[in-house]
Each structure stands twice: as C-alpha cells, then as structure tokens.
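Notes to accompany the following structure.
The values are calculated or read from the model by the stated rules, or taken from the named source; none is laboratory data. Since the model is a prediction, treat every value here as computed from it, not as a measurement. When we count neighbours, we look across all protein chains shown, and the Cβ atoms used for this are built from the backbone with ideal geometry, even at glycine. The area values use the complete protein model at the heavy-atom level, side chains included, leaving out ligands, DNA and RNA. Shrake-Rupley method; radii C 1.70, N 1.55, O 1.52, S 1.80 Å.
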Amino acid sequence: MAIVGAVVLFITLVVLGGYFLYQSLPASSSNAVISEGSETSADARSEAAKQEVVYVKVLGDSSDVLVRVPGGDVLTDVTMRQGQYVSFDEPSLAVTIGDPDAVEVYVNGERMNVSGEEPGYTFTAEAP
C-alpha cells in the first residue's frame, strides 16, 4: 500500500511540475513569424510592420533571428525562411541576426543596412 501511495505522489508531483513549468514560459505573442502572401492585405500588414521598433524580413534562403528584451525575456529565437517576417514594438530590444546578408531590417521605420556584417551580428534598438 505504501508503494502505491508513493507512486501516486510521484505522478502528482511530475504533473504539477510540468504544469508550473508550462505556466512559467513566456506568453505567446502577436509578434509571431508570419509567412507573407501575395495578397494586398499582406502587403499592407508588411508596410505597417515596418513602422514597429524592429522589423526583420528574410529575403535570402534563411536566417536565425533572436529578439529579446535586454536583460529579460526572449521574444523569439527561430530560424526564419525566405518571405517570413517578424516585428516587435517594445521600448528596447536586443536583436541577433544569424545571416545578415539574407535579411532586411527596419528600426523605427528606417531601413538599417546590415549586409556585409559578420554572422551572428547583434544590435540594440530603442523606441523613439
């Protein structure tokens, strides 16, 4: 009987641990990677996204993109494919681009030339 109680207690602790681990993960954001289509509404969304603090679109084959709040949460850490983009509107962001030659980057609506930078190029963007 004691063994059954220990097994039930163990299973309960594992389930509760998994639940609290899941709850501690950052909430999903509206700043998800989006595949851009050929529709006019997608073009309009793309233009609006360029007005965010940071907008990154992959023009080449692919690039790793890491965006985080400096000293805080990771907002995205993903390998993006050609045509995908992501945008964020946080006051301060740290951005790392795996392949700078493969992306188009806008900071506060202004295009930032990152082509020619080393792989893993990192910069900080601040809202105006």
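Assorted remarks:
- Here r is the Cβ-Cβ distance between F10 and V74 and R0 is 30 Å; the resulting FRET efficiency, rounded to 0.05, is 0.45.
- Shown are R68, R81, whose ranking by accessible area with a 1.4 Å probe and every protein chain present, most to least, is R81, R68.
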